[in-house]
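The values are calculated or read from the model by the stated rules, or taken from the named source; none is laboratory data. Since we're looking at a predicted model, the values are computed, not measured. Note that each Cβ is placed from the backbone with ideal geometry, even for glycine, and that neighbours are counted across all protein chains shown. Calculation scope for accessible area: heavy atoms of the full protein, side chains included, ligands and nucleic acids excluded. Shrake-Rupley method; radii C 1.70, N 1.55, O 1.52, S 1.80 Å.
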Amino acid sequence: MLRELLSIFREGNPLSAMAENFAEMLRLTYELTVRAGEIYFGKAFTPEERTQIYKQDVQVNKLQRTIRKQVIAHLSIKGNTADLPYCLVLMSLVKDVERLGDYAKNLADIVELRPTPPPDNPIIQELRSIRERVEAAFAATAEIFATSDRERAITLIRDGKDLAHRCEALLKTLAESQHDARFTTAAVLGTRYYKRIGGHILNVLSSVVMPLHKLDYYDEKELTPSRTT
């Protein structure tokens, strides 16, 4: 399914414009996630840098609406109904990427609850490690999607499932800790947002591995190197 979708995108027909907008959504949300992470972990920032996060999130939302309009316009033309499955894939994916922008914005907003940088304790060290893995997966996602690299997608999906388990374990640790309310609140929110960011990245990667009706799901029988798409 994905290879056929990418083939259509590259043929210069109206779907290629949708692909360009989707690629721009991925680029913007990746930048948002990295910048929000820097703010969350204590990097000094200016009011203009905070404002830029909101501006880029608005850009992402506009691109989502543009792609929706492009899909509707494309399918309204007689003879284009054969592209319906590919348009459904894209409509699912743009929603995931739009949510990535929202969670990045939420991550940056935590600074309002915890104005000082977080301490360098084991909880924050684990959260930093999760952040690094999430950002690395995000950085690879655009290329994996563009090349339909199933093997890399499977590796990152498995890694992402492990990261989700680590986030849950960290939440349990926080629930049993004796830290003050300000630290605990900021750490819990940060952990939840990184789990959700990772989850939406996995949803995009699932399009490389799963058939249309299994997007956003990770059937172990599908995650085998020998299976062809």
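Under 1.5 on a/c is rounded, so check that first for the chain, then, if it is not, pick prolate when a/b is larger than b/c and oblate when it is not; a ≥ b ≥ c are the square roots of the alpha carbon gyration tensor eigenvalues.
It is oblate, given that a/c is not under 1.5 and a/b is not larger than b/c.
Rounded to the nearest percent, how much of the accessible area of the chain (1.4 Å probe, protein heavy atoms only) is carbon and sulfur?
Result for the chain: 55 percent of the exposed heavy-atom area is carbon or sulfur.
Shape call for the stretch 70-114 from the C-alpha gyration tensor, a ≥ b ≥ c root eigenvalues: rounded (a/c under 1.5), prolate (a/b greater than b/c) or oblate?
It comes out prolate by the Cα gyration axes.
About the Cα centre, and with charges only on the beta carbon of Lys, Arg (+1) and Asp, Glu (-1), how big is the dipole of the stretch 86-217? Nearest 20 debye, please.
Magnitude of the dipole: close to 220 debye.
Report the gain in length on full extension from MET91 to ALA181: 0.36 nm times residue separation, minus Cα-Cα distance, nm rounded to one decimal.
Extending this stretch completely gives an extra 28.4 nm.
Mind listing the phi-derived Karplus ³J(HN,Hα) values for the stretch 177-193, rounded to whole Hz, using 6.51, -1.76 and 1.60 with θ = phi - 60°, and x for any glycine or proline?
So the Karplus estimates, Gly and Pro as x, are 7, 10, 6, 5, 4, 5, 5, 4, 4, 5, 5, 5, 4, x, 5, 5, 5 Hz.
Give me the count of lysine pairs in the chain whose alpha carbons sit under 24 angstrom apart, restricted to pairs 8 or more positions apart or on different chains.
24
For GLU112 paired with THR51, estimate the spin-label separation in nm (one decimal), with each label point 7 Å from Cα along the Cα-to-Cβ line.
1.7 nm
Which of the peptides 72-85, 100-113, 194-207 is most tightly packed, and how do the rest follow, going by the mean number of other Cβ atoms within 10 Å of each residue?
194-207, 100-113, 72-85
Which of rounded, prolate, oblate describes the stretch 82-187, given a ≥ b ≥ c as roots of the alpha-carbon gyration tensor eigenvalues and a/c under 1.5 marking rounded, otherwise prolate only if a/b is larger than b/c?
Prolate, since a/c reaches 1.5 and a/b exceeds b/c.
So with the 1.4 Å probe, I'd like the accessible area per residue for the stretch 73-216, rounded to whole Å².
Normalised by residue count, the accessible surface of the stretch 73-216 is 44 Å².
Is it possible to state the helix-based mean residue ellipticity at 222 nm for the chain, with each DSSP H run of 4+ residues giving -39500 (n - 2.57), the sum divided by total residues, to the nearest 500 deg cm²/dmol? What is it?
Calculated at 222 nm, the ellipticity per residue is -26000 deg cm²/dmol.
Starting from the Cα-Cα distance between ALA139 and LYS78, subtract it from 0.36 nm times their residue separation and give me the gain in nm to one decimal.
Answer, rounded to one decimal: 18.2 nm.
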